[in-house]
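> Quick one: this structure, given as C-alpha cells, is what I'll be asking you about.
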2 protein chains.
Amino acid sequence: MHRMKVLGLIALAAVSLVIGILIGRFAITHPQLSWLKRMSKDGDPKYSRQLHQEIQAEEIHKNLQFFSSRPHIAGSFQEEEVLVNYINNKWKSSLHGAKIYNYTVLLSYPDANDPNYVAILSENGVESEVSDKVEKILSPDQNDSTVVNPFNAYSPPGVIVGDPVYVNYGTVEDFQYLTRDLAMNLTGTVAIARYGKIFRGDKVGNGEKFGCAGMILYSDPADYVVGSLDKVYPEDWWLPGTGAQRGTVLLTNGDPRTPFYPSTNSAFYLDEKDIELPKIPVTPIGYNDAVKYLSKLSGIEAPSKWKGNLNITYRIGPGFASPYEKSKMKLYVKTHNVQRTIRNVFGFIEGEYEPDRYVVLGNHRDAWVFGAIDPSSGTATMMELTRALSKLLQKGWRPRRSILFCSWGAEEYGLIGSTESIEELGKVLGSRAVAYLNVDLSLAGNSTLRALATPILHKLLYATAKKVENPNPEEVRAGRKSVYDTWVKNQPSSQDPNLPRVGELGSGSDYSSFLQILGVSAADVRYNYDQKYSLSSYPMYHSVYETVDLVSRLMDRGFYYHQAVARIWGEMALRLADDVILNFDCVQYAETLQRIVNEVQSSYGPKLLQNNITLNSVKEAVGEFLEAAKNLQSRVEKVNRENPLEVRKINDQLMQLERSFIDPLGVAGNLHYRHVIYAPNEHNQYAASSFPGLASAMFDIENDPNQERRWQQVKKEISIIAYTIASAASTMQEHGTIGGGSTKH
Amino acid sequence: MHRMKVLGLIALAAVSLVIGILIGRFAITHPQLSWLKRMSKDGDPKYSRQLHQEIQAEEIHKNLQFFSSRPHIAGSFQEEEVLVNYINNKWKSSLHGAKIYNYTVLLSYPDANDPNYVAILSENGVESEVSDKVEKILSPDQNDSTVVNPFNAYSPPGVIVGDPVYVNYGTVEDFQYLTRDLAMNLTGTVAIARYGKIFRGDKVGNGEKFGCAGMILYSDPADYVVGSLDKVYPEDWWLPGTGAQRGTVLLTNGDPRTPFYPSTNSAFYLDEKDIELPKIPVTPIGYNDAVKYLSKLSGIEAPSKWKGNLNITYRIGPGFASPYEKSKMKLYVKTHNVQRTIRNVFGFIEGEYEPDRYVVLGNHRDAWVFGAIDPSSGTATMMELTRALSKLLQKGWRPRRSILFCSWGAEEYGLIGSTESIEELGKVLGSRAVAYLNVDLSLAGNSTLRALATPILHKLLYATAKKVENPNPEEVRAGRKSVYDTWVKNQPSSQDPNLPRVGELGSGSDYSSFLQILGVSAADVRYNYDQKYSLSSYPMYHSVYETVDLVSRLMDRGFYYHQAVARIWGEMALRLADDVILNFDCVQYAETLQRIVNEVQSSYGPKLLQNNITLNSVKEAVGEFLEAAKNLQSRVEKVNRENPLEVRKINDQLMQLERSFIDPLGVAGNLHYRHVIYAPNEHNQYAASSFPGLASAMFDIENDPNQERRWQQVKKEISIIAYTIASAASTMQEHGTIGGGSTKH
C-alpha cells in the first residue's frame, strides 16, 4: 500500500510534468514564434471591409471643392504653396511622415496682358475674324482672375503669317497624305490641326518636321460633342464652342533643361538653346473660332475621314478661298518659358515587417485651370483614401510593407514632378518600390472602370474590381453587383471575352518614369465614359469648364464613382502591402508575350521573311519565359510562409521581373523609354506600343532610301527583344540554375 | 492530516506542472526557434580554421602543372575544351552544380605560317636587322607546337614603311612633347614605344590619334630587368632579350561586335567596319631586337626620363642616322580577326538561408601562352580553394549565402568572357551578387600582398590578411606573423601609415564589368614583387617564358605564397558568405570620398575658382553621405539579428551602396564605365581615376580651343558627382525618411 502510494505520487508528478511540458511547449507561444506566425499571414480581411466602409463619398466631394476652388497651375502660389502645404500638413498629422521635394524647372505661360490669338490677315494688313482671347465665362465659378488663358506650353513665342492648311489630326499619316499623295509643299504654312487621336506634342512635332511655320490646334465637335451643338455645357457635359484645350507640346519627360538628372540645387542646367523644345509657335482655339477659318479654306474637299462635325465643307487648302484668296492666316503667340519652383509631397505609412518595400500611390496635383476632373478628382480621392487609412491605423492596422503616397507637381507640363523625383530618388525607389498605382483623375465619365496596367497586375485588378461595390444603381438592379461585372460586360477583352480589357500603359501620366526608367510594375485606373461615344477624351478636357459644378452636377452626383475609385485604389494598395506573397501574375506576362509575338508575326512576318529574318529567337525566348514563369508560380504555391527569407526571395523575384525588361540604353536609343516590351508609341505618346523598338524600325520601312541600314536595325531590335525576354526569364529561375540563360551545356 | 495530504499532492502536482512548463517553454527548443537562432549566428570559426588547414600548397603546384602544361590561348582546343571540361567536371562532382556558358566572339591571331616581324628597309628594298619571328626556346618545356608567336590582338594586318620615331611610353604627354614642344609631324611614321606605365591599347590609340602609321612595342630592360642583362631567365626571373610581351590593344571591353549585349545565339553582330577597332598595325618585339633600331635613330637625344637601360644613346628620330639615313622602318603584320567560341564555367555552392545572395569569385583561364603566372597561378589557386571548400561541405559546413565560382574565358582579349556573361546575366547578378572577388593571378612576386578594392571592402581585407599566416619564413622570424604584418610594413597607406595601402580598381581584369556595369563591390588580390624594383609589371608578363619552371623554381618554391592567396581569397569568401551582417564598411567609403574631394580641391580648386566654379555642392553631398553612413553603421550595430527581415534590410542597404554610384548613362558618355567615383583612367585603362568624369573634363583643358564648352562640361560633371553622392547617401538612410535627398522642407 505504501509502495502504491509512492507510485501514485510519482505518477501524479509525472503526469503533471508532462502536461506542463506540453503546455510550455505548445500552449504558451514564444514571442518569436507568434511573431513568425503573424508575419506568415496575409492581412486581416476585416481591414479591407473597414476601409471600404470608411471611404466616404461626401468627404471626396468636400475635398474636390477645396482642391478645385481656384486655378492651380504648376508654379502658381495656389498650387505650390496653398495646396502643397495643405497636403503636407494633413499627411504629417495623420500618417507616419510627410516630406516636400522642390525642383526648379522650366515652365511656360502665356502673357496675361498680351493674350495669344489667331486671325485672318488681309493683303493690306488688316486683321479680321480675330479669335477669342479668353474662354467665355459660362458660370460664375469660372470667374477668377488667376485663370490662365488658352495656350500650349513650351510653344516658342512668335508671330507667323502664312497660308492655312487643314491637316486633320496631324498624324504622320495625315502629313504623308498631304505631302506624298497630294504632293503639297507645306513649307511656311500655318497648319490647322484638330485635337484628338494622338498626343498634341506629336502633332506639333510632325508639323515642324513637314515644314509648317506654325500650328493652330482646335477641338472639333466630332471629337468632343455628341448630339446637337445647342446642348452643350452648362446644359450638358459636352464641350461648348468657346472652350479650348490647353496642354503641353513638349516631347520629352521631366525638366527639359536637366534631362535624366534632378533639378535640385546642385543641378547643371542646359542652356535653352541646347535642348529639344518645340520650334514652331502653336496655340489652341475653340470650335466657334475654328469654323471661321476652316469654312473659308480653298483647295480640294477633305477625304471623308478628315471631316469633323462642323456644319461646313471641310477643305484642305492651302490658302483661303475667294474673297479671301489674298489673305493669310496670322498666328500671334506670346507664350514664353520661365524658371519656377514646383513641388512634390510624399506621405508615408511605415510597414511593420518589410518597411523597406514600398507600395507607391500617386496622383498629380497641378491643373491647367480649376482641374476639377484633371487632376483634382484624383487628388480628392487620394486625400480621402489617406484619411481612411489613417483611421485604420488608429484601429490597429499596420501594413506588412510601407505605403508611399505621392502628390506630383507639374505633371501637365511633361510629367515633370514625378520624373524629377524619380531622377533624384531612383536608387531608393528602384530597389524598394513594389508597384506604382496611379490615379491621374478619378473619372472621365461614369460608365465603366478603365484600367491600364502591365500584365503582372491584371489578376490583382480583376480580384479588386470584384470586391468593390458597383456605384451604378441601375447596374446593380440588373444584377451586376460589382465594378467588375459592369467592366467585363462593357469592355470585354478581345483575347478572352470572359475577362475585362486592361489597356497598355503609354506615357500619359506619372506612371511613365516608374515603368520606363525604373521598371516598376504599374497601373492606372479611373472611371470612364461610354465607349460608344467615340470621343477623343472627356469633352471638357483642359478647358476652363473643368469645375466642381461640372463634376457634381453632370458627371458624378453623390460622388459614388469617386468612392468606387478610392476603394479600388485602396484595395489594391492593401493587397500589395499586406499579402505575404505579392499578388503578381508572372504567367500572365508570359501569355501576353506570346500574344504579342503572334501579333507581330502576323503583322510583319511575311515582310520579315522576304528579308530572310525570322522571329524564331524571340519565340524561343518567350518559350523559356513561359517555362520559368510556371516554375516560379509553382514555387509561389509551395513556399514556406513561415520562412521569411524564402518569402522575401520569391517576392524579390516577382518584384524584379518588370525591372528585367529595362534596357539602360533605352528603346531604339530613346533614353526616356527603356522598357523593351512596352513603350509609348513613337508617333503618339498617349498610346503604348508593344516591342516598340521593332515597331519603330518597321514603321514606314518601305519608304526609307537606305534599305540595308533599316533592315539591319530590324535585326538588331529583334535581337534585343529576344535577349531581354531571355534575360527576364533567367531572373525567374531557381537560384540553383545559377544565372539561367540560353547557352546551357 | 488528510487535508494536509491533499494539499501536499496539489503542491507536488503544481511544482511538477511548473517545472514541466518551464522545461517545455525553455529547455525544449521549437524547431523554428532553433532555426532562427542558427540563422542569427555568424559562421562557426572552426570552418575558417579547417579551410586554412585544408588548402594544400602541393595541390596548387599540381594544379599549376596541369593548367600551364600547354599553351591555352582563348579559342584554342586546349583552352575551350580540355580546360573547360576539366573544371566543369571537377565542380560538377564536388560542388552543388556547374554550368558552361558559350559566346561566339571576335578574337585575333597572328598567322602561324607567316609571322609578324619588323626590319630596316633600305632605299633599294633590302631588309636588314630583321626581328625574331619567334621567341627563343630557353628551356625544353617551352617547346610546344601550339605556342602562338608574339602579336598584339586586334591589330589590323598591314605592311607599313615609314620613318621610325621613339615615343617613350606612348602616353598623351609623350606625344604632346613630340608634337607641341618639338613641333614634330608624326604623320606616316612608325612609332617605337616601350611597354609599361600605361595600358598598351592606350599607346596604340595615341599613336593613331597623333598620325602614326604603325607602332612597334618593345620591353625595355629599364622596365623589366633589374641588374645585369646577363642574369636573366633562365638564371633569374628577369626578362631575357628574346622575350616579347603579347597583349590586346582593344580599347573596349567584351566582344567588340556586340557592345553591351551578349554574344549568344540570338545576338546581332555589328559588321567589323562599324566597330571601334585599332586602325594602325602594331606588333611587339624583345629588347634584343629593339636595340638594333633604337641605336640607329637620328634626331636629338631623348630627354632623361625617356631613356631606358639599353646600352645606347636614346634618340628620338624621326628617321635613322647615317649610314641608314635613307632607310625606313618596316612593319610586317599578319595579325587578323577571327570569329571563335569562348567559354565561361560557373560553379555553385548553394547557400542555406539566403541562396539568392551570391558571393562571386572569379579568375580567368585563358593565357597568351603557357600562362603559368597569368592566369594559371590564379586558376591553380581557385581549383584548390574549391576542393578545400568541397571538403568543408562534406564536414557539414553550409554557407548562409551562395558562392559562385567563375572561370572566365578570353580575358586577355578585352575581358570578353566576364563582360559577355555580365551582359547576359546582368539582371540576375546585378540583383543578387553581394561582392566580386577576383584573382587574376596569384603572384607577380613574393614580397607583399597587393590588394585593389572599393573602400567598402578595405576593412574586410585588413581583417582577412591578419588571419592568414605569413608565407615568408624570414618575415615570421622578424615577428611579422601574418600576411597583414608584412603588408602594412612594406606598403603603408599614404593616408594612414598604420594601415596598409589598398589600391583602386582600374579596368585591368574581370572585376571591371562587375564594378563598372553592375555596381557590385569588388576586390582583386595577389602577391606582388618588391616595389623598390620600379618594374612596369612582373618581368615575364605575357611572354613564352611564363612557365611552371619559372614559378616553381624562381618565384614560389613550395607554393606557400599561392597557398596564402588561396587562404585570403577563401577567408574573404567565408566571411561574406557566412556573416549575418555583411562585413561592409560604408563609413570608410565616406572617408575616402572626403579624401578624394580634398585632393580634387587642391589639384583643381584654384583653376575652378578662376572660372567661378566651386566644389561646394560635392562637399555638401559628401557631408550627407558621411552622416548617412554613420547612421547606417549605428543601425548595423543595433540590429536584431534574430529578425531575418531586419537583417536582410540592412544587408540590402549595404549591398546597394556601390550600385548607387552607377550612372546608367556612363561616365562622360562612356558606357563601358559607369561608376561615377572610380573608373579607369581615360588615358590608361590599367589605372583608376577618382571622379573620372571631372578628371576627363579637366584634362589638358588649357589647350582646348572651345573654352566655354569645356567649362560647361566641368560644371556638368561636378553636378553629376554631387547628385550621385547625394543619391548614394539616400540609399543608406532609414526608410522612414522616405527617399532622402537634399530638398527637404
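The values are calculated or read from the model by the stated rules, or taken from the named source; none is laboratory data. These numbers come from a predicted model, not from an experiment. Methodologically, a virtual Cβ is constructed for each residue, glycine included, from the backbone with ideal geometry; neighbour enumeration extends over all protein chains shown. Remember, those area values only see protein heavy atoms, side chains included, never the ligands or the DNA or RNA. Shrake-Rupley method; radii C 1.70, N 1.55, O 1.52, S 1.80 Å.
> Residue by residue through the stretch B:678-723, note down the ones that are over 26 Å from the mean Cα position of the chain (by Cα), within 11 Å of chain A (Cβ to nearest Cβ) and either β-branched (Val, Ile, Thr) or outside any helix (DSSP H, G or I) (or both).
If the condition is that a residue be over 26 Å from the mean Cα position of the chain (by Cα), within 11 Å of chain A (Cβ to nearest Cβ) and either β-branched (Val, Ile, Thr) or outside any helix (DSSP H, G or I) (or both), then B:714, B:718 are the ones that fit.
> Sticking with this structure for a sec: Of the conditions (1) in contact (Cβ under 8 Å) with a residue 12 or more places away in the chain; (2) out of contact with any Lys or Arg (no Cβ under 9 Å at 6 or more places or on another chain); (3) more than 11 Å from every other protein chain (Cβ to nearest Cβ), residue A:619 fails just one. Which one is it?
(3)
> Continuing with the same structure: Counting only residues that are at pLDDT 95 or above and open to solvent by less than 40 Å² (accessible area, probe 1.4 Å), give me the helices (runs of 4 or more DSSP H) lying completely in the stretch A:1-108 with at least 1 of them.
Counting at least 1 such residues, we get A:45-54, A:57-67, A:84-94.
> Still on this structure: Any residue at all in the stretch B:367-386 that is of a type in the set (Val, Ile, Thr), within 30 Å of residue B:166 (Cα to Cα) and modelled with pLDDT of 95 or more?
yes
> I would also like to ask the following. Considering B:269, B:287, which residue is buried (at least 24 other Cβ atoms within 10 Å of the Cβ) and more than 23 Å from residue B:680 (Cα to Cα)?
Unique residue meeting the criteria: B:287.
> Being touching a residue at least 60 places away in the same chain (Cβ under 8 Å) and within 23 Å of residue B:385 (Cβ to Cβ) is the filter here, so list the residues in the stretch B:93-110 that pass it.
B:94, B:95, B:96, B:97, B:98, B:99, B:100, B:101
> Here's a follow-up. Scan the stretch A:425-437 and report the pairs whose first residue is more than 9 Å from every other protein chain (Cβ to nearest Cβ) and whose second residue is open to solvent by 10 Å² or more (accessible area, probe 1.4 Å) and in a strand (DSSP E or B), with Cβ atoms within less than 6 Å and a gap of 6+ or a chain change.
Every condition considered, the pairs that remain are A:434/A:357.
> Further question on the same structure: Quick check on this structure: which one of B:598, B:612 is more than 9 Å from every other protein chain (Cβ to nearest Cβ), surrounded by fewer than 18 Cβ atoms within 10 Å (Cβ to Cβ) and assigned to a loop (DSSP other than H, G, I, E, B)?
B:612
> Mind listing whichever residues of the stretch B:375-403 are at negative phi and in a loop (DSSP other than H, G, I, E, B)?
Listed by number, the residues that qualify are B:375, B:395, B:397, B:398, B:399, B:400.
> Check B:352, B:325 and return the single one that is within 14 Å of chain A (Cβ to nearest Cβ) and assigned to a loop (DSSP other than H, G, I, E, B).
Of the residues listed, the single one that is within 14 Å of chain A (Cβ to nearest Cβ) and assigned to a loop (DSSP other than H, G, I, E, B) is B:352.
> Continuing with this model, one more query. Which residue out of A:618, A:636 is out of contact with any Phe, Trp or Tyr (no Cβ under 7 Å at 6 or more places or on another chain) and open to solvent by less than 10 Å² (accessible area, probe 1.4 Å)?
A:618
> Right, another one. For the structure I just gave you, tell me whether residue B:198 is over 19 Å from residue B:686 (Cβ atoms), in contact (Cβ under 8 Å) with a residue 60 or more places away in the chain and either of a type in the set (A, V, I, L, M, F, W, C) or in contact with a Gly (Cβ under 6 Å, 6 or more places away or on another chain) (or both).
no
> Of the residues B:129, B:123, B:80, which single one is touching a Phe, Trp or Tyr at 6+ places or on another chain (Cβ under 8 Å) and among the acidic types (Asp, Glu)?
Among B:129, B:123, B:80, only B:129 is touching a Phe, Trp or Tyr at 6+ places or on another chain (Cβ under 8 Å) and among the acidic types (Asp, Glu).
> Taking residue B:656 and the conditions (1) under 26 Å from residue B:436 (Cβ atoms); (2) within 11 Å of chain A (Cβ to nearest Cβ); (3) at pLDDT below 95, which numbered condition does it fall short on, given that it satisfies the others?
Status for residue B:656: all satisfied but (3).
> Consider residue A:605 carefully, then state whether it is more than 24 Å from the chain's Cα centre (by Cα) and closer than 26 Å to residue B:266 by Cβ.
yes
> Search the stretch B:123-160 for residues being among the small types (Gly, Ala, Ser) and buried (at least 16 other Cβ atoms within 10 Å of the Cβ), and hand back the single one that is farthest from residue B:415 (Cα to Cα).
B:131
For (1) at pLDDT below 95; (2) more than 27 Å from the chain's Cα centre (by Cα); (3) in a loop (DSSP other than H, G, I, E, B), each residue gets a yes or a no:
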| residue | (1), (2), (3) |
| --- | --- |
| B:238 | no, no, yes |
| B:241 | no, yes, yes |
| B:268 | no, yes, yes |
| B:277 | no, no, yes |
| B:305 | no, yes, no |
| B:311 | no, yes, yes |
| B:345 | no, no, no |
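> Could you grab me the full set of residues in the stretch B:525-547 that are crowded, with 24+ Cβ neighbours inside 10 Å, farther than 26 Å from residue B:133 by Cα and in contact with a Ser or Thr (Cβ under 8 Å, 6 or more places away or on another chain)?
Those that are crowded, with 24+ Cβ neighbours inside 10 Å, farther than 26 Å from residue B:133 by Cα and in contact with a Ser or Thr (Cβ under 8 Å, 6 or more places away or on another chain): B:526, B:527.
> Residue check: is residue A:372 more than 10 Å from chain B (Cβ to nearest Cβ), in a loop (DSSP other than H, G, I, E, B) and crowded, with 24+ Cβ neighbours inside 10 Å?
Judged against the criteria, residue A:372 is a match.
> Looking at A:449, A:457, A:550, which is the one that is farther than 29 Å from residue A:71 by Cβ, open to solvent by less than 20 Å² (accessible area, probe 1.4 Å) and assigned to a helix (DSSP H, G or I)?
Criteria check complete, one pass: A:457.
> Could you please let me know if residue A:398 is within 14 Å of another protein chain (Cβ to nearest Cβ) and open to solvent by 30 Å² or more (accessible area, probe 1.4 Å)?
yes
> Would you please name the residue that is surrounded by the fewest Cβ atoms within 10 Å (Cβ to Cβ), looking only at residues in the stretch A:175-209 that are charged (D, E, K, R) and within 24 Å of residue A:330 (Cβ to Cβ)?
Looking at residues that are charged (D, E, K, R) and within 24 Å of residue A:330 (Cβ to Cβ), I get A:209.
> Let me ask something else about it. Within the stretch A:394-406, does at least one residue satisfy the condition of being of a type in the set (S, T, N, Q) and in contact with a helix residue (DSSP H, G or I) (Cβ under 6 Å, 6 or more places away or on another chain)?
no
> Please go through (1) closer than 25 Å to residue A:659 by Cβ; (2) without any contact (Cβ under 8 Å) to a residue 60 or more places away in the chain; (3) crowded, with 18+ Cβ neighbours inside 10 Å for residue B:674 and return the number of the only condition it doesn't satisfy.
For residue B:674, the failing item is (2).
> For the stretch A:406-424, indicate whether the set of residues that are within 20 Å of residue A:566 (Cα to Cα), among the acidic types (Asp, Glu) and either surrounded by 23 or more Cβ atoms within 10 Å (Cβ to Cβ) or modelled with pLDDT of 95 or more (or both) is non-empty.
No.
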